[in-house]
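Participant: Could you have a look at this structure, given as structure tokens, before my questions?
Please treat every number below as a calculation from the coordinates, not as lab data. All values derive from a computational prediction rather than experimental measurement. Backbone-built Cβ (ideal geometry, glycine too); neighbour counts: all protein chains shown.
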Amino acid sequence: MKRLIWVLAAVLTVAAGCKSEKKINSYKDIYSEQPTTIMVAPVVDKAERKVEKYPADAAYNNELNTSTAYMQMTLTRPLVRKGYYVLGTAATKEVMENGGYNQKALRDGNLSELQRACGIDAVLVVTLHRWREENGKWIAMLEYQLRSTKSNHDLMHTWVMAIKAVPTNLKGDPIVMKRDKNFAKEWGFDNGTAQRAFLVEKVNDYVLRDLPTSSTLRQFEKDIYRNANPTYIKYTWSEEGGADVKNCSVEEYEEKAFL
């Protein structure tokens, strides 16, 4: 009987493990190459802006511009917390200008010179494909690509549909929640900008915190059997102040991002 129980437990464990890849599989190239220095490229912002005929159009464009700048600013912190060295903004700009690298080259081109000349092991390129507003929700379609300068292969490639519910009153106007109000006050944002900035910061942290710990720290390789994030993610921040994370199908992502 004890042996039967043990066998059943083992079967259930394997079945549960099939739902998510372990980090040793999802990030095998990171464990192999052991990158320590990462350059964070400027965010590739493909979100559509409005033609500024009215003040509301200009306000909308300003929301997107400011939240994108804030997103760029908050990409570094999760990487540093994992033990990686991250190039500063000025150094990144100089490297890109001197090497003639644009965002397309960083996504698809040969990056070996960055490793040879600058000691950069990997480049993080984040693309904001689209902002959508549907049924009282703000939706950001994001793509995170971490490329090796040694092999030119992707060390990580994750697509995220990020959602934030926006509560409204009976007139349909947004209700400013206390959490959002405090965040907006801290940064000097209006409510719309604060909602967007808050969401992209949360997603940055969620995606990049999943990376393996840098080989510069003694915790390296101690997380190899933990579950890794799926490749396509639906990340929803609720009004109650918590994140609900689920798998997102390729079809659903592409429909929201590109159609």
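Participant: Along its principal axes, what span do the Cα atoms of segment 41-89 show, with the longest given first and each in whole Å?
Facilitator: Answer, in whole Å and largest first: 47, 14, 14 Å.
Participant: Oh, and also: Which value, in Å³ per residue, describes the convex hull spanned by the Cα atoms of segment 20-258?
Facilitator: 143 Å³
Participant: Something else about it: Please report, in cubic angstrom per residue, the volume enclosed by the convex hull of the alpha-carbon atoms of segment 183-233.
Facilitator: Convex hull of Cα atoms, per residue: 104 Å³.
Participant: Given axes a ≥ b ≥ c from the Cα gyration tensor, I'd like to know whether segment 20-112 is rounded (a/c under 1.5), prolate (a/b larger than b/c) or oblate.
Facilitator: Cα axes put segment 20-112 in the prolate bin.
Participant: Once the Cα atoms of segment 132-253 are picked out, what are the Rg and Dmax in Å?
Facilitator: Expressed in Å, the Cα Rg and Dmax of segment 132-253 come to 17.1, 56.
Participant: Let me ask something else about it. Relative contact order of segment 171-229, please, whole-number percent, based on alpha carbon pairs below 8 angstrom and at least 6 residues apart.
Facilitator: After rounding, I find 19 percent.
Participant: Please give the charge dipole size of segment 20-258, origin at the Cα centre, charges +1 on K and R Cβ atoms and -1 on D and E Cβ atoms. Round to the nearest 20 debye.
Facilitator: Here the size comes out at about 500 debye.
Participant: Further, regarding this structure: For segment 20-258, what relative contact order do you get, as a whole percent, if you take Cα pairs closer than 8 Å and at least 6 residues apart?
Facilitator: Computed over segment 20-258, the figure is 26 percent.
Participant: Using the charge dipole of the chain (Lys, Arg: +1 at Cβ; Asp, Glu: -1 at Cβ; taken about the Cα centre), state which of ASN152, THR37, MET141 has its Cα farthest towards the positive end.
Facilitator: Sorting the options by dipole projection puts first THR37.
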